[in-house]
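Okay, structure first, notes after.
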Amino acid sequence: MYWLINSYTVLARALTWVGSLAIVVLSIVPADDRPVTGFGQNLEHFAVFALAGTVFAIGYHLSPMRLLVVAIIFCAGIE
């Protein structure tokens, strides 16, 4: 059973870094070249950051306070 939990952790950590890299790349790309879903910019931003934060919390087993600190530092860094 441990190997199954460990494989989920490894997968979540990999998705964390792929998602973080995607956020950084899409933040650098000009707005006209970014993919658009049609749901609106606010919902798109919320969805991608919520998904990245969720897999980060799963992969690294962070408390909500630590997750909040990491999220603020990450968002401030890319802005």
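Rule-based calculations on the coordinates, nothing more; no lab input. Since we're looking at a predicted model, the values are computed, not measured. When we count neighbours, we look across all protein chains shown, and the Cβ atoms used for this are built from the backbone with ideal geometry, even at glycine.
What number comes out for the charge environment of Tyr60, summing +1 per Lys or Arg and -1 per Asp or Glu over other residues with Cβ under 13 Å away? Mind dumping the intermediate values first?
Values: positive: Arg13, Arg66; negative: none.
Net local charge, Tyr60 excluded: +2.
Students often get this wrong, so try it: which of [x] 20, 57, 21, 1; [y] 15, 24, 14, 17, 14, 10, 6, 1; [z] 17, 46, 27, 9, 1 is P(r) over Cα pairs in 10 Å bins from 0, in percent as calculated from the structure shown? Read-out from the structure maps to [z].
Please report the net charge: other residues with Cβ closer than 15 Å to the Cβ of Ile28, K and R +1, D and E -1.
Values: positive: Arg34; negative: Asp32, Asp33, Glu79.
Combined, the nearby Lys, Arg, Asp and Glu give -2.
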